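Following: one structure in structure tokens, then a few remarks.
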Amino acid sequence: MSLSAIIPQEFLNQAVPLNAYLILSAILFTIGVAAFLFRRNIITVFMAIELMLNAVNLTFVTFSNQFGKVDGQIFSFFVMVVAAAEAAVGLAIILMVFRNRATLQIDDIDTLKN
């Protein structure tokens, strides 16, 4: 069974407007900022940063598609590369903090000594 048999063709031909992508990106970024500011767990803060980076990527790709340029997609690719490197280094740091402190709460990890 094909998708066009279930969903009318005029619905499939409709394009999603630019502002819908930008609103979604703003919502994702706002959720990321709120989680970054109000959560006290390192893993949650780390995921909030990744969510903010993905919101920016969505904006880059949206404007790239709107204007027919490849620049936004290239920027998005570089942001993903930096996010992957940040994830690898960040998770290694988080693992070492957990091994040394036995906690992932930010309030408990406020000094660099023991």
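The values are calculated or read from the model by the stated rules, or taken from the named source; none is laboratory data. Values in this document were obtained by computation on a predicted structure and should not be read as measured data. In this analysis, Cβ positions are derived from the backbone assuming ideal geometry, glycine residues included, and neighbour counts consider all displayed protein chains.
Do we have any residue at all in the range 99-108 that's part of a loop (DSSP other than H, G, I, E, B), surrounded by fewer than 14 Cβ atoms within 10 Å (Cβ to Cβ), aliphatic (A, V, I, L, M) and over 11 Å from the mean Cα position of the chain (by Cα)? Yes, the range 99-108 contains a residue that is part of a loop (DSSP other than H, G, I, E, B), surrounded by fewer than 14 Cβ atoms within 10 Å (Cβ to Cβ), aliphatic (A, V, I, L, M) and over 11 Å from the mean Cα position of the chain (by Cα).
Taking the stated definitions as given, is residue 75 within 28 Å of residue 25 (Cα to Cα), touching a Leu at 6+ places or on another chain (Cβ under 9 Å) and aromatic (Phe, Trp, Tyr)? When the stated conditions are applied, residue 75 does not pass them. Screening residue 66 on (1) surrounded by fewer than 16 Cβ atoms within 10 Å (Cβ to Cβ); (2) under 30 Å from residue 94 (Cα atoms) shows it passes everything except condition (2).
Matching residues to (1) part of a helix (DSSP H, G or I); (2) at pLDDT below 95:
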site	(1), (2)
1	no, yes
5	yes, yes
15	no, yes
25	yes, no
28	yes, no
33	yes, no
59	yes, no
66	yes, yes
73	yes, yes
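With respect to (1) surrounded by 12 or more Cβ atoms within 10 Å (Cβ to Cβ); (2) under 14 Å from residue 45 (Cβ atoms), the lone exception for residue 79 is condition (2).
All conditions but one from (1) in contact with a Phe, Trp or Tyr (Cβ under 6 Å, 6 or more places away or on another chain); (2) exposed (fewer than 11 other Cβ atoms within 10 Å of the Cβ) apply to residue 38; the one that does not is (1).
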